[in-house]
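Everything on this sheet refers to the single structure shown next.
The values are calculated or read from the model by the stated rules, or taken from the named source; none is laboratory data. Since the model is a prediction, treat every value here as computed from it, not as a measurement. Here the Cβ positions follow ideal geometry from the backbone for every residue, glycine too, while neighbour counts run over all protein chains shown.
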Amino acid sequence: MTNFRKPPNPIEYGIFNIKIDYPEYTVVTPQTGLEYGVRSLSVSEVNRIKSSITTPSSAVKLMNEAIWSAIVRKPSIVKNFDDFMRLTTDKDREALLYGIYLETFGNEKDFTLTCRNCGTERLSKIILDNCFSINAYPGSESMKNQYRVVKSIEKDTLDPTMEEEIRKESLKKLRENLIKQNLPSNVTVDDSINELIPESTDIPSDDNMMGGEPIEPVRIKPKDEAEETESDEVTEFIKNSIISSETKVSLPVSKFVAVVFQPTLKDEDELLNKLPFGQKKQLDLLTETVILKRFELTNQNSELIKITSRMDIYEQYQNLPYRDKNIIIDAYRDNYGQYSISLSTTWLCTNCGFDNTMSLDLVTQFFRMVATS
Ligand SMILES: [Zn+2]
């Protein structure tokens with residue numbers, strides 16, 4: 001059976017493939033499943049990044065702009081930089097950066113490896129492609145389409161995760177059709193879905209609920225409350241992608257409910273704008289909370305309180321008990337963060353025989369290379 005979500009060789013799979021006639025890398029983003037072509041950065045572009053990094057916040061902005069300018073081919077849905085920021089997650093950015101990095105700085109790199117057990121150092125040449133792996137989000141349109149094609153060709157292919165994604169998609173369509181027939185026009189679809197479908201029809205909720213039953217009562221939201229600033233195509237894409245998915249987790253110590261989601265570059269940018277002169281340490285603390293959409297809690301009068309403002313979320317998060325924080329981080333990793341590229345290699349220490357694993361942080365590597373080139 002083809003385990004096509006974890007292909008053994010990304011080049012064979014076509015996720016990353018080098019075109020010989022033109023120095024362009026094809027990158028399919030692991031979370032949104034969009035296809036881009038990226039080129040190498042020029043010497044002047046690298047120099048410009050190097051000379052304009054003044055604050056950690058500006059470094060992120062420059063990186064986003066540099067990636068955007070290095071994109072030579074993009075999906076038709078992405079019309080401008082703002083669309084790109086709305087449709088790209090931080091994990092997608094890593095994949096794009098990987099393609100640009102390889103084109104700009106090459107596939108080989110010297111690293112000083114330090115043994116975790118005895119501290120012995122050794123210099124080693126690492127081939128990045130050999131360290132590369134990808135775990136693509138099974139719910140993206142392109143992954144579902146690909147699965148359908150693979151299944152039609154190789155009849156014995158059966159991937160339970162993909163089957164479940166396709167089942168969820170058809171149930172969602174069914175649910176939307178039912179709602180279109182029944183609802184008054186001033187009501188949005190998403191919030192009222194669960195109320196309209198009888199429980200006996202066994203249709204799962206869109207939310208991944210962890211640690212118990214859903215706590216939030218269904219709230220019907222008037223249509224004009226909903227944001228309708230994006231073009232229809234972008235809105236429609238987001239609605240059916242990982243970006244609109246939410247995971248609720250009950251926090252055992254504080255008794256809050258945390259709503260975890262996959263932020264986009266736009267979410268990250270809005271957060272960074274709140275602390276434009278922040279030090280790296282402060283920004284790291286702030287961006288740790290970017291995966292939180294909101295907190296929900298019930299007050300003494302049994303009223304549901306939603307904490308949605310960025311700075312309020314930040315303050316509540318800082319006050320959370322350690323155990324609750326870990327539950328949030330795990331929920332993010334399991335539902336969103338794991339869908340990404342990763343660069344890691346193992347090596348055996350010749351001094352003590354310890355089996356070391358090294359993971360490369362591409363964003364850090366990128367800036368290190370820019371700074372030293
Ligand atoms: Zn060792």
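Key figures
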{"quantity": "Wholly within the stretch 89-135, strands (runs of 3 or more DSSP E) carrying at least 3 residues that are within 16 Å of the ligand (Cβ to nearest atom)", "calculated": "108-114, 121-127"}
{"quantity": "Candidates 88, 114, 157, filtered to the one that is at pLDDT 85 or above and either at positive phi or more than 20 Å from the chain's Cα centre (by Cα) (or both)", "calculated": "114"}
{"quantity": "For residue 346: the one exception among (1) touching a Cys at 6+ places or on another chain (Cβ under 6 Å); (2) within 16 Å of the ligand (Cβ to nearest atom)", "calculated": "(1)"}
{"quantity": "Every residue from the stretch 115-131 that is hydrophobic (A, V, I, L, M, F, W, C) and in contact with a Leu (Cβ under 6 Å, 6 or more places away or on another chain)", "calculated": "131"}
{"quantity": "Condition check for residue 73: within 16 Å of the ligand (Cβ to nearest atom), more than 22 Å from residue 262 (Cα to Cα), not hydrophobic (A, V, I, L, M, F, W, C) and not assigned by TED's automatic domain parsing to the domain that holds residue 288", "calculated": "no"}
